[in-house]
1. Accessible area per residue of the range 2-124 at 1.4 Å probe, in Å²?
2. Got a sec? Which residues in the range 47-78 would a label at Val110 touch, if it sits 7 Å along Cα→Cβ and we count backbone N under 18 Å?
3. Order 109-117, 48-56 from most to least packed using the mean count of other Cβ atoms within 10 Å.
4. Roll a 1.4 Å probe over the protein heavy atoms and report the accessible area of Asp40 in Å², nearest 10.
5. Once amide H atoms are built 1.01 Å from N in the peptide plane, which residues 5 or more positions from Phe93, or in another chain, come under 5 Å H to H?
6. Starting at the first residue of the range 89-103, write each ³J(HN,Hα) from the Karplus equation 6.51 cos²θ - 1.76 cosθ + 1.60 with θ = phi - 60°, in whole Hz, x for Gly and Pro.
7. Leaving out ligands, DNA and RNA, what percent of the accessible area of the chain is carbon and sulfur, probe 1.4 Å?
8. Along the Cα→Cβ direction, 7 angstrom out, place labels at Arg19 and Lys89. What is the inter-label distance in nm?
Amino acid sequence: MLNKGLRDEESIRIENTLRTLHALIFVPKFWNAEDTNLIDEQLKNFGLSLERTIEIPEEELILLLQRCHLDWNQQEEFADILIGLSHEKQFDFLAKALAIYQYIQQESKVFSFGINTKIASLKNK
């Protein structure tokens, strides 16, 4: 288990990575090689790349996020990023995002109306 100081540093590193991914994804893009390289560079912080994210099964992705010490909110934010990547139909990470949301809802022991709404929305797509 990480001590408090290391947990705080790890949490700050994760938050910075997620913030950068949000900035890269939620600006309209045509997804050229430069754009995907920037995203890959950030995903490396989680031991991922776009290609690996496509290939990895949902269960393994969830385990990877846990090994990277993402808390429930950070896992939800990562799922939000996967949905953002799926908006332009270049990538299809909706099933992975749904699996993450369902895992959070089940395992966090706290019911979230926000996550429940996201789950319902994804199931209706």
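The values are calculated or read from the model by the stated rules, or taken from the named source; none is laboratory data. Please read all numbers here as calculations on a predicted model, not as lab measurements. Note that we place each Cβ from the backbone using ideal geometry, even for glycine, and neighbour counts take in every protein chain shown. Side chains are part of the model used for accessible areas, which takes the heavy atoms of the whole protein and leaves out ligands, DNA and RNA. Shrake-Rupley method; radii C 1.70, N 1.55, O 1.52, S 1.80 Å.
1. Per-residue accessible area for the range 2-124 comes out at 58 Å².
2. What the label zone holds, given the 18 Å backbone N cut-off, is 66, 69-78.
3. On the way: 109-117: 11.1, 48-56: 15.6.
Answer by packing, highest mean first, reads 48-56, 109-117.
4. Ignoring ligands and nucleic acids, Asp40 comes out at about 40 Å².
5. Ser86
6. 6, 6, 10, 10, 10, 4, 5, 5, 5, 4, 4, 5, 4, 5, 4
7. About 54 percent, which is the carbon plus sulfur part of the accessible surface.
8. Result: 3.5 nm between the two label points.
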